[in-house]
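Only one structure is covered here, and it is reproduced in the block below.
No value in this document is a laboratory result; all are computed from the given coordinates. Note that the coordinates shown come from a computational prediction; the quantities given were computed from them, not determined experimentally. Here Cβ is always computed from backbone atoms with ideal geometry, including for glycine, and neighbour counts include all displayed protein chains.
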């Protein structure tokens, strides 16, 4: 089971830095699953995570394509960024060839992973990003660890 950790971010830059730090420990075959409300910062986190892997390309949300692949060149590992927000039927993931990414030679990060949790392999790192409306606008709590959220 993954060790549970909690981070507080007070800005987009801090969220990116936390994600960069997490990416530094990523290894081939790792899968990171992001959950949280719409607008909580999942894509901001993904940008920082990619940066931590050495991705030089601009990281954008694959909301309509479901997956963006950043193949290894200058970075240390291939990075596969999924967005499952628009997945209504689990079978739609088959069209993405997700198994090649999940069991390939890179690192996967999946936004809205709870929508496809049935196909997430055991051992994935689950990360929840939460807003707290009693805090400043950019406040985020980032909780990592556990089997699912």
Separation between Cα centres of the stretch 7-25 and the stretch 91-149, rounded to whole Å: 16
Any chance you could give the angle, 0 to 90 degrees and rounded to 10, that helix 42-53 forms with the longest Cα principal axis of the chain? 70
How far, in nm, would the chain grow between residue 21 and residue 38 when pulled straight, counting 0.36 nm per residue and subtracting the alpha carbon separation? 3.8 nm
The stretch 1-127 - percent relative contact order, Cα under 8 Å, separation 6 or more: 32
Any idea what angle helix 12-24 forms with the longest principal axis of the chain, computed on alpha-carbon atoms, 0 to 90 degrees, nearest 10? 50
If each of residue 118 and residue 11 carries a label point 7 Å out from its Cα toward its Cβ, how far apart are those two points in nm? 4.4
Rg to Rh ratio, the stretch 66-149, alpha-carbon atoms and Kirkwood radius? 1.02
Consider the candidate values (i) 15.5, 47; (ii) 14.2, 43; (iii) 17.9, 66; state which one is Rg and Dmax of the Cα atoms in Å computed from the structure displayed. (ii)
Can you show me the helix-derived [θ] at 222 nm for the chain, built from DSSP H runs with n ≥ 4 at -39,500 (n - 2.57) apiece and divided by the number of residues, rounded to the nearest 500. -6000 deg cm²/dmol
State, to one decimal in nm, how far the label point of residue 99 lies from the label point of residue 57, with both points 7 Å from Cα in the Cβ direction. 2.5
